[in-house]
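So the structure is just underneath, and the comments pick up after that.
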Amino acid sequence: MNANHPEISASTRGQQITLRSAAELADALPFVLGFHPTDSVVLVALHGENGRFGGRVRIGIPRAPGEWDSTADNLAECLVETSVQRTSPPDGIVGFLCQDPRPGETAGEVYERLRPFAQRLRTACGALDIPVYEVLCISGGRHFSYCCPDERCCPPDGTPLALSGTSVMAAAAAYAGIQVRGSLREMEDRFKPTGAPGEAQQRSALDAAAARIVPLVVDGAEEQGKARLRETTLALAGRLLGRFAEPPRRVGPDGVRRGQAAIDADDDARVEPAEAAAVILGLQDRITRDRLAEWMEGPEGVAAVRLWRVLARRCVAPYQEYAAAPLTLAGWAAWSTGDEPTARVALNLALDADPAYVFARLLHQACNEGLEPEALRSCLRGERENRMAAEKTAAAHARRTRTRTRTRGARPGGPRPALPKAGTGVARRGRATPGSRPAGRASTRPGGPAPRHGGRRGTRSGR
């Protein structure tokens with residue numbers, strides 16, 4: 001940046017870093033987002049005299065130049081609105097256009113091709129009375145400035161990016177424990193089907209599960225069938241989560257650090273195709289999905305992200321739309337456990353799979369507005385506690401009911417003897433058979449009452 005541009009301050013978990021050049025600004029972008037934003041347009045809000053980093057928005061660069069005008073307007077408005085909701089309107093904005101060259105194209109040609117888009121971003125922000133201090137193009141390992149006319153710091157053929165891990169921002173981020181998780185494309189690919197030969201088997205399992213489960217989750221389905229499906233899905237998902245309790249093996253038996261692809265392959269091997277299909281289809285029920293959203297904290301939340309990532313990868317064609325549920329759960333669990341970059345990637349992919357998926361839209365908006373996930377965590381904890389209390393009360397009531405039933409049915413000394421029929425001559429102790437005169441002193445006592453003839457009370461003849 002030239003002398004007309006203010007210095008910009010970026011924070012890394014409490015540490016304040018001053019960025020004094022376009023090169024340092026370009027190097028800071030992956031640490032601000034948590035990944036390298038391939039094929040993306042990014043706007044970052046600046047606040048205060050020193051240009052402190054605030055909110056940011058990112059979206060893929062539209063392929064059609066005819067969409068650049070509306071995209072620029074929407075991005076500028078979105079950044080300003082979210083900044084107002086979080087703190088205050090931005091005092092300035094910096095922009096980034098990140099795209100690798102196409103086959104046969106140079107980084108300089110990408111820079112020139114995207115120049116109208118960069119200009120449109122500047123006018124969109126200017127229409128909101130917010131200055132744009134810099135727009136950088138990052139392509140082919142070089143960065144170019146659309147705003148700085150000084151060729152000494154921003155030559156027209158671009159400037160090579162700093163070597164990874166050598167900048168001040170990289171050192172501060174390493175000290176603060178901030179990691180860059182690779183490129184955006186790499187992060188997205190971890191949630192997508194791999195194209196492995198096993199996809200045919202997974203597709204067959206999804207076909208079978210769909211024929212069995214879809215009639216139970218559609219509107220108008222019998223509630224009793226839905227309830228049975230929920231319990232079955234929750235039980236199966238719980239067993240699968242237990243398989244991810246141990247952390248992934250990052251070092252092989254030979255002591256060599258394993259790549260991410262090998263780690264993901266290990267996770268895939270923990271879930272059978274039929275199990276994955278049953279949970280994927282069961283997640284299409286909203287109540288089941290909300291119950292599984294309670295896996296959101298600590299080791300359980302981290303394990304849940306791995307499980308949902310595996311299930312998202314199993315949503316092979318033509319079941320891509322079904323991935324919205326596991327992707328949203330992965331985004332929620334990642335956000336809740338502090339992995340915001342993974343959360344943003346997962347939620348974006350969920351909206352790509354189903355743009356009308358309400359849960360993903362709400363989480364995406366909350367994440368972009370900088371809200372804390374604790375409010376939703378507290379709500380889910382309350383629902384779980386209320387449900388567990390209701391289940392405990394119902395179980396206690398059922399126990400009392402069974403106890404009362406057993407008490408009514410049981411009699412001391414065994415079952416009650418059957419009453420004899422009239423005239424059978426079967427006598428009870430101290431009683432004569434009907435129609436006979438009892439023997440003994442009482443029967444011959446003077447003035448005593450005559451014996452009562454007829455059957456005893458409780459027999460047909462004595463009623």
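The values are calculated or read from the model by the stated rules, or taken from the named source; none is laboratory data. The structure displayed is predicted, hence computed values, not measured ones. Don't worry about glycine lacking a Cβ; one is built from the backbone with ideal geometry, like all the others, and counts go over all protein chains shown. Keep in mind that these areas ignore ligands, DNA and RNA; they rest on the heavy atoms of the full protein, side chains included. Shrake-Rupley method; radii C 1.70, N 1.55, O 1.52, S 1.80 Å.
Here the stretch 102-141 yields Rg over Rh of 1.10, to two decimals, using C-alpha coordinates and the Kirkwood radius. The trypsin sites (Lys or Arg not before Pro) of the stretch 273-371 include none that DSSP puts in a loop with a beta carbon having at most 10 other beta carbons within 10 Å. Placing +1 on each Lys and Arg Cβ and -1 on each Asp and Glu Cβ, with no other charges, gives the stretch 84-153 a dipole about its Cα centre of roughly 160 debye. Annotation: amide H-H contacts under 5 Å for His143 (H modelled 1.01 Å from N, sequence separation of 5 or more, or interchain): Thr159, Leu161.
The label-point distance for Gln260 and Ala211, in a model that sets each label 7 Å from Cα toward Cβ, rounds to 3.8 nm.
If only the Cβ of Lys and Arg carry +1 and only the Cβ of Asp and Glu carry -1, the dipole of the stretch 192-321 around its Cα centre is close to 300 debye. Oblate is the label for the stretch 190-242, because a/c, from the alpha-carbon gyration tensor with a ≥ b ≥ c as root eigenvalues, is 1.5 or above and a/b does not exceed b/c. Accessible surface for the stretch 105-154, divided over its residues, is 44 Å² per residue with a 1.4 Å probe. Residues Tyr319, Tyr133 ordered from highest to lowest accessible area at a 1.4 Å probe: Tyr133, Tyr319.
Solvent exposure of Thr194, expressed as accessible area, is near 100 Å², computed with a probe of 1.4 Å over the protein chains only. The string of couplings for the stretch 360-373 from the Karplus curve (6.51, -1.76, 1.60, θ = phi - 60°) is 5, 5, 5, 5, 4, 5, 5, 5, 5, 7, x, 6, 8, x Hz, one whole number per residue in order, with x for Gly and Pro. Scalar couplings 3J(HN,Hα) for the stretch 42-54, obtained by applying the Karplus form with A = 6.51, B = -1.76, C = 1.60 to θ = phi - 60°, are 10, 10, 10, 7, 10, 10, x, 5, 8, x, 5, 4, x Hz; x denotes Gly and Pro.
Taking a ≥ b ≥ c as the square roots of the eigenvalues of the alpha carbon gyration tensor, the stretch 258-358 is rounded, as a/c is under 1.5. What the stretch 249-328 shows is 40 Å² of accessible area per residue, with the surface traced by a 1.4 Å probe over protein heavy atoms. The trypsin sites (Lys or Arg not before Pro) found in the stretch 23-88 that occupy coil by DSSP, while having at most 16 further C-beta atoms within 10 Å, are Arg63. Electrostatic bookkeeping for Ser183 treats Lys and Arg as +1 and Asp and Glu as -1; over the other residues with beta carbon under 10 Å from its beta carbon, the sum is -3.
Here the Karplus curve 6.51 cos²θ - 1.76 cosθ + 1.60, taken at θ = phi - 60°, turns the phi angles of the stretch 248-262 into couplings of x, 7, 8, 10, x, x, 7, x, 8, 5, 8, x, 5, 5, 5 Hz, with x standing for Gly and Pro.
Neighbours of Thr123, meaning other residues whose beta-carbon lies under 10 angstrom from its beta-carbon, give a summed charge of 0 when Lys and Arg score +1 and Asp and Glu score -1. Within the set of other residues whose C-beta is less than 12 Å from the C-beta of Asp354, count the net charge using Lys and Arg as +1 and Asp and Glu as -1. The answer is -1. Computed extension gain for Glu109 through Arg239, at 0.36 nm per residue and net of the alpha carbon distance, reaches 41.5 nm.
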